[in-house]
Structures are given as structure tokens and as C-alpha cells.
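The structure appears below as C-alpha cells.
The values are calculated or read from the model by the stated rules, or taken from the named source; none is laboratory data. If you're wondering where the values come from, they're calculated on a predicted model, not measured in any experiment. Positions of Cβ are generated from backbone atoms using ideal geometry, with glycine treated the same way; all protein chains shown enter the neighbour counts.
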Amino acid sequence: MARIASLQVYALRGPKIARPHWTAFFPVPPGNEILVRLRTQQGLEGFGLASSYSAIEPLVKPWQSGLSELILGEDALAPERLYQKMFRLTANKVASEKGWSREAMIRLSAAVDLACWDIVGKAANLPLYKLFGGFRDEVPCYATCGYYREGKDEQELRDDLQMMVDQGHTGFKVKIGGLSLKDDMERLRVIREVIGERKDLMVDVNRAWDFKTACEGVKLLEAFNPRWLEEPVAWEDDRRLLKLLAQRTSIPLSGGESENTSFGCRSLLEVIGQPVGRPIYAQDDRMGGNLFGYGGYGGTNSWSSGAPPTQDERGAGTGWMLYALGCFLCLCFGPVGPLFWFVVAGMHYCKPREVRENLPQEAQVARVSLMTAVGSTCMLVAIFMFLAFVVYPNTSAWQGPFACEEPCRDWAMSSSSQELLVCLNKNTQRCAAPNRNRCWDDETLCRQTVTSSATECPRSCDSFSGFASRSDRAVCFNNATAACSESSSRGCFSTDFVCRPI
């Protein structure tokens, strides 16, 4: 056990900047830091740092009003326990009564936590990276550059970048978002020209773009091949918009820099879920505490690997299931299958347009289903038309009329039915009336007649007598008009008599 025996706090302020430099919409302040120095009873010392982008006074006030008393006597080799004790002060009656702000307590708990871990490493005589597993013994770094500054022209931008290239930097993170897209892209063109194509280029918007601008911006940025795009959308809805933007670009996105705790990073991943084919990095360079960040990243990593499915993924899964069911039913029951495909497409296209734009996976299923449904429907209609107008007439018994064989003559002439068809069975040589005006497949239509046949034609039909010798015609006589006519291929009309049967 290494109890904390003494504690010292230093307020560090940087000099006023004569020529301030800006991110997209706020100036970079001079350094405001709180340095915490812990000393144990065994003489081990640890240092921790807390930063403030605004006034430093809120970070000083807790030390002046009793915070040190909560730390003295604690075991510096149990940093997690001490960190939790301090972190609970972010929502605590004592902290509220003393006027300790939540932001200040998050940052100060981080400083104390870092100091404790400094002591842990010194007690073990090991660097912290080895205590944390020692997976890497080096870390790539980059230079943040391209800040806006009043009066800064293209030549000054080139000079700044060239100086960093000469220093040996291989990665450059550039600030954009403070100008129009056109002007920012021109700045990036200059930067890429100076650093070359082989060096890493990262882009940081500092949450300055609205979603529409971000969608336009990512298209323009692809020409510069950035390693990642950092905080591209405004803060008020960045979680949801990051996910939507990831679906519209191949550029890896980065977010969460402005989160102060691992809880914030985890919440970011909860809303994002599993990115749809695009990485979204959760980062946090101000997160409270080293181990808290270490454990927090472990938690968020495990959460990300098992994130629940998004609305888009659920809709796509349901759509593919119905699509497969439609395929099965189409094979088994024909026309039933396309109904399921139309349902899948309808489930997507009935949603408002702004909602559909955020469901790319579901949209893909809907498009495939709609094309399959339309194609299969057209195919089924074509098959039906072919059967109805080509196959069906040729396979039906309507083959005449032809002259009946001898067994059917008396049967046909004795019938008084109107529009009678006489069917002759090829195998049994039996005659029969048709079934619904059709003969069966093994039967031949040997006569069609209407009403009872006339015994002989009147003289007015003599000119048609020549047709009596033909095998496919008869002479028809109309009592109402006293007119004779040649029969059609289907016999005489129902208003006529067959006066000279075939």
C-alpha cells in the first residue's frame, strides 16, 4: 500500500497569443492546465495533467474548498478506487453545495488518476505501456496543421507545411470547415501538393458542417484520399448523422473527440450500432482517467462487436426472408410468389422519402424484389397467353367440322339440340355430345350443326349445291331471310338451317 501523504496543485497558464489561430469556428486558447503532484509515504511521486479550453478558475476552485482532503490518505496503488470516489462527485450533494462543476470534476479526476498510474509504474519500475500489455513499443504520430489565421495566405500555408515536412512528419491533420467548400478544397489541394501523395492526410471539421454540407463535402474530399474525416457534423445530432454520413462515403469517419467520458463514447456507439460497411472511430483525448479510458475502450470495443442490429439491418433481414419465401411459393404455386415480392417492395417504398434515404440495405432488397416481381409477372402473363392462344386451341377438340364417321350420322341427325357438336371417340368409335362445347383429347369433332337439318335445300340454294361435295362445308338456309349461304368452318349460324349437310 502506498498512501498519499501530500498533494500539490499548479495552475499553468500560457502567454497571450499575439496572432490567434482558429479552428472552423473558435480560436485555439493559450494553454490552461492544472498539474497535480502526488507524493506517497514511501516517497514515490506521480504527476497528472488536466486541461481546460476555457477559464482555468473552475479547475482551481475545488482545491481551494476541500477536495484535497478527500484524496490524502488514499492508496495510490489502487487508482481505480480513487477515481470512482472522485467521479461520483460529478453528481453529488457535497459537490453541488461547494460549487464544484461537473466538467471540473471530470477533468480533475482524470488528473489524479494519471498521477496515481504514474506512481504505479514507478513502484513496478515499468513503463505504463508494459503494464497495459506491451502490445506496441511505438505509436505513429501526426502534426495538426492548417489552422485559420487572420491574414494567412497561400504562401504562408505552404511555408508552414514545408517546415513540418522538413521536420520529418509523415502524417498531417488539417483543419477545415471555416470557409466555403470551394475555398477549403483549394487549401487542401495546396496542402496535398506540398506533402505529396505518399504521406497521410487527415481532415478535421470540428463539427462545423450541417448534414447537407457534409454530404457534399465527402464527395469532394475523396479526391484527396484522406486517412479519415474527423467530427464532420454539428454537435446537436452528431451520433445519428455520423451513421447516415458513413453510408454515403468510403472515407473512414472519426467522432467522439468532444466526449469527456467513456460513457459518452459508448453512447456514441450505441446510436451508431455497427457501421454499414464503413468504419467510424470513437476517439476521446479528454476522457477522464487513463485506466478509465483503457477500460472504457475495452467496453466500447466489445459493445461494437456485438451491437444490436439497426433498423436498416432488421428491414433488410425481413425483406430477404420474404423474398426467399416468394421464390419457394413461385416454384410451388406459380402466381402466388410475385405477391410476396411486391409486398417486400411495398414495405420499403410506402415509407417517406427522407426515411428511405437512410435505409440503403432495405432499399437494395426492395429493388431486387420489385424487379423480380415485375419480371416474373410478365413471364407468367406470357405463359398464360401462350397457353390460351397457342397451346389450348391446338390441343382442344375443335378440329373441324369434319364428316362424321358412319356410327355418328344417325346420332347427329336425330338430335334436335341447338349448335350441336358431335364427338367421335377414336378408340371406341362411339359418338357423344361434347363437354362444354369441346371434345376430349381422345375424341374428334366430326360435325357441328345447328337446330335440326333440313331435308333438302330450296331452289334458291341450287347455286350452292357444289359445296355439298366438299368435306368442310355445308349449305345454310335462313328461314327469316330466305337466303342461302356457305357454312363457315364452324358450321351454320344458329339462325340458319343446314339444308345440305356435309
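Those helices (runs of 4 or more DSSP H) of segment 234-331 in which at least 2 residues are modelled with pLDDT of 75 or more and more than 26 Å from MET105 (Cα to Cα), considering only elements entirely within it, cover 238-246. Screening segment 17-32 for residues that are modelled with pLDDT of 85 or more and of a type outside the set (A, V, I, L, M, F, W, C) and picking the one that is surrounded by the most Cβ atoms within 10 Å (Cβ to Cβ) gives THR23.
Of LEU82, LEU157, LEU114, all but one fail to be under 27 Å from PRO29 (Cα atoms), out of contact with any Lys or Arg (no Cβ under 9 Å at 6 or more places or on another chain) and either crowded, with 19+ Cβ neighbours inside 10 Å or of a type in the set (Gly, Ala, Ser) (or both); the exception is LEU114.
Scanning segment 107-134 for residues that are under 19 Å from ARG3 (Cβ atoms), out of contact with any Asp or Glu (no Cβ under 9 Å at 6 or more places or on another chain) and of a type outside the set (A, V, I, L, M, F, W, C) gives SER109, GLY121. In summary, helices (runs of 4 or more DSSP H) completely within segment 105-213 and bearing 2 or more residues that are touching a residue at least 24 places away in the same chain (Cβ under 8 Å) occur at 154-166, 181-195.
When the criteria are applied in full, TYR53 meets the requirement of being in the same structural domain as ALA115 (by TED's automatic domain parsing), closer than 16 Å to ARG102 by Cα, outside any helix (DSSP H, G or I) and within 46 Å of the chain's Cα centre (by Cα). Filtered by the rule that a residue be outside any strand (DSSP E or B), charged (D, E, K, R) and without any contact (Cβ under 8 Å) to a residue 60 or more places away in the chain, segment 15-40 gives a lone residue, LYS16. Restricting TRP209, TRP228 to residues that are out of contact with any Leu (no Cβ under 8 Å at 6 or more places or on another chain) and among the aromatic types (Phe, Trp, Tyr) narrows the list to TRP209.
Results for (1) exposed (fewer than 12 other Cβ atoms within 10 Å of the Cβ); (2) at pLDDT 55 or above; (3) closer than 18 Å to CYS327 by Cβ, shown as yes or no for each residue.
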position	(1), (2), (3)
VAL343	no, yes, yes
LYS351	no, yes, no
GLU357	no, yes, no
GLU362	no, yes, no
SER369	no, yes, yes
VAL381	yes, yes, no
SER396	no, no, no
GLY400	no, no, no
ASP410	yes, yes, no
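Scoring THR170 on the criteria (1) among the hydroxyl-bearing types (Ser, Thr, Tyr); (2) modelled with pLDDT of 95 or more; (3) in contact with a strand residue (DSSP E or B) (Cβ under 7 Å, 6 or more places away or on another chain) leaves a single failure, condition (2).
I'd like the full set of residues that are at pLDDT 95 or above, under 26 Å from VAL139 (Cα atoms) and buried (at least 20 other Cβ atoms within 10 Å of the Cβ), limited to segment 189-210. Matches in segment 189-210: ILE191, ILE195, LEU201, VAL203, ASP204, VAL205.
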